[in-house]
Amino acid sequence: MNQEYFEKISDMLKKAQEPMQSIAELNVKTLQSYSYIKPEEFSKITKPNEMLETQLAMAIDNGHKALDYMQKSFQIIEKAMLDFSAQTKADMK
């Protein structure tokens with residue numbers, strides 16, 4: 001009985017770890033994809049409006065990446081919750 005109990009707990013923890021791993025990978029990919037102004041780009045900017053345009057373009061691009069991140073993270077969480085509820089239903093029967 002104890003061995004079976006520990007195996008079930010171990011399986012449950014492994015399944016709970018999968019979405020966390022996916023979200024961690026998504027975090028890294030998203031942070032690496034964000035745009036930023038490189039120091040050498042500052043020397044190319046001659047007018048204040050160019051700086052503003054560059055920053056605005058980056059803000060919009062990073063905003064889209066943040067929205068994509070939110071969508072993907074919600075999909076990961078949704079899948080995990082659906083799997084968990086299906087497993088709970090199967091265990092109840």
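The values are calculated or read from the model by the stated rules, or taken from the named source; none is laboratory data. On a predicted model such as this, the values are computed, not experimentally measured, just so you know. Positions of Cβ are generated from backbone atoms using ideal geometry, with glycine treated the same way; all protein chains shown enter the neighbour counts.
Answer yes or no: is there a residue in the range 71-81 that is over 20 Å from the mean Cα position of the chain (by Cα), assigned to a helix (DSSP H, G or I), without any contact (Cβ under 8 Å) to a residue 40 or more places away in the chain and more than 20 Å from T30 (Cα to Cα). Within the range 71-81 (the criterion being over 20 Å from the mean Cα position of the chain (by Cα), assigned to a helix (DSSP H, G or I), without any contact (Cβ under 8 Å) to a residue 40 or more places away in the chain and more than 20 Å from T30 (Cα to Cα)), the answer is no, since none of the residues qualifies. Screening M1 on (1) loosely packed, with under 11 Cβ neighbours inside 10 Å; (2) at pLDDT 90 or above; (3) hydrophobic (A, V, I, L, M, F, W, C) shows it passes everything except condition (2). If we keep just the residues of the range 38-70 that are hydroxyl-bearing (S, T, Y) and farther than 16 Å from E25 by Cα, which is nearest to the chain's Cα centre (by Cα)? Looking at residues that are hydroxyl-bearing (S, T, Y) and farther than 16 Å from E25 by Cα, I get T54.
Among the residues of the range 34-51, are any touching a helix residue (DSSP H, G or I) at 6+ places or on another chain (Cβ under 6 Å), of a type in the set (A, V, I, L, M, F, W, C) and not in a helix (DSSP H, G or I)? Yes - at least one qualifying residue is present in the range 34-51. Looking only at the range 71-93, residues that are surrounded by 11 or more Cβ atoms within 10 Å (Cβ to Cβ) and more than 30 Å from Y5 (Cα to Cα) come to 3 in all. Within the range 35-59, if we keep just the residues that are surrounded by 11 or more Cβ atoms within 10 Å (Cβ to Cβ) and of a type in the set (V, I, T), the residue that is nearest to K8 (Cα to Cα) turns out to be I37.
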